[in-house]
Amino acid sequence: MKFVIYNSLSLHPAFETVDMEILREAFKFNATHGITGFLYRCHQHYYQYFEGTADIVDDLLPRIAKDKRHTDFQVLQVDDISSRRFTGWSMGYSRAASELQSALLSPSSSAEDVRERLTLEAQKQRATHIPPQKKM
Ligand SMILES: Cc1cc2nc3c(=O)[nH]c(=O)nc-3n(C[C@H](O)[C@H](O)[C@H](O)COP(=O)(O)O)c2cc1C
């Protein structure tokens with residue numbers, strides 16, 4: 001198992017058509033390929049954490065990186081992981097609260113800080129997550 005955290009600059013407004021299309025694609029692929037994680041909108045930025053088996057993660061990462069719907073793609077952390085942090089989440093999606101936004105965007109935040117914040121925030125929001133789709 002492996003996880004990735006990256007950030008990027010979105011070329012589209014939050015919570016509108018393009019983000020919904022991204023999520024639709026993500027739910028479909030992730031649910032059938034064992035990818036779980038969380039996508040945060042933070043002003044114009046995306047912060048995404050995703051995890052899964054190494055072969056699937058290695059396949060998905062370059063596909064997301066070259067997606068024309070965002071730019072300034074920057075991997076913050078890639079590492080091995082022994083168990084999932086986001087079991088049951090094909091891909092959570094949320095606007096980061098303002099205090100979290102400041103923490104994520106602060107130049108002094110390390111990748112590890114970002115990972116911890118995203119994990120913590122996602123756990124807080126468990127009640128509102130969208131459940132994974134059934135395997136097709
Ligand atoms: C911010 C962002 C996050 C994305 N997250 C995922 C994801 O978690 N899973 C996924 O399958 N596609 C995700 N996508 C879509 C992929 O970039 C890509 O469009 C999709 O995997 C289809 O790839 P292909 O055109 O190479 O087949 C995301 C795209 C963006 C812009």
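Where a number appears in this text, it was derived from the coordinates with a stated rule and is not lab data. Keep in mind it's a predicted model, so treat the numbers as computed, not measured. All Cβ positions, glycine included, derive from the backbone under ideal geometry; neighbour counts span all protein chains shown.
Assorted remarks:
- Order of ILE5, ILE81, ILE64 under a 10 Å beta carbon neighbour criterion, fewest first: ILE81, ILE64, ILE5
- Relative contact order of the chain: 36 percent, from C-alpha pairs under 8 Å at least 6 residues apart in sequence.
- Considering only the chain, percent of DSSP beta bridges that pair antiparallel, nearest 5: 85
- Loop-located GluC sites (Glu not before Pro) in the stretch 15-96, at most 16 other Cβ atoms within 10 Å (DSSP): GLU16
- Largest to smallest principal axis extent of the C-alpha atoms in the stretch 1-58, angstrom: 32, 20, 14
- Compared with the direct C-alpha span, the chain from SER82 to MET1 gains 28.5 nm at full extension, assuming 0.36 nm per residue.
- Candidate cross-link partners of LYS66 among the aspartates and glutamates, defined by an alpha-carbon separation under 20 Å and a same-chain spacing of 8 or more, comprise ASP19, GLU21, GLU25, GLU51, ASP55, ASP58.
- Difference of contour (0.36 nm per residue) and Cα-Cα distance, GLN74 to SER109: 11.2 nm
- Which of VAL18, LEU39, GLN101, positive extreme of dipole for the stretch 2-128 (C-beta unit charges): VAL18
- Unit Cα scatterers, Debye sum, the chain: log10 I(q)/I(0) for q = 0.10, 0.12 Å⁻¹: -0.28, -0.41
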